[in-house]
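Structure, as structure tokens:
Read-outs throughout are calculated quantities, based only on the coordinates presented, and are distinct from any laboratory measurement. All figures in this text were calculated on a predicted structure; none of them were measured in a lab. Here the Cβ is made from the backbone with ideal geometry for all residues, glycine too, and neighbour counts use every protein chain on show.
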Amino acid sequence: MSTSQGKRELLSAVLRVAVLIVPQLFFIGGASAQGINISDVSEIRTNILCRIANTMFWILITLSVIMVLWGAFMYMTSSGDEKKVGDATKTITYAAVGVVVALMAKGFPALIASIFGIDSLRSC
């Protein structure tokens, strides 16, 4: 098996796992058959903003973990080639940026709540 074929198979396996995991992330936080309760405006803001923030958090964390694993694989297969080591370093750096963005997405509803005085958003 050639190196490029092995990389394609690894990427294919990672994508298959991501396809299985990412849809599950949309149902974290109590999705139900009835959908979002829209009895008043504050519940709409709370449900929508919290759901978006939680979904973004888990998608970004999942992608960051995949990128770290991919960067580690690139390091292991670089054979001392400086260009490949540089690419692996960039991949892991981008994964770290993804974690920071995910943490910011998790804290976004609390920031909006403190700016606009919406107490219901503080509990996301």
Original post:
Shape call for the stretch 71-124 from the C-alpha gyration tensor, a ≥ b ≥ c root eigenvalues: rounded (a/c under 1.5), prolate (a/b greater than b/c) or oblate?
Top reply: prolate
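Test of understanding: what is the full-extension gain from ILE48 to MET76, defined as 0.36 nm times their sequence separation minus their Cα-Cα distance?
Details: separation 28, 0.36 × 28 = 10.08 nm, distance 4.20 nm.
That pair, ILE48 and MET76, stretches by 5.9 nm at full extension.
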**OP:** Please arrange LEU49, LEU111, LEU60, LEU69 by counting, for each residue, the other beta carbons lying within 10 Å of its beta carbon, fewest first.
**Re:** LEU111, LEU69, LEU49, LEU60
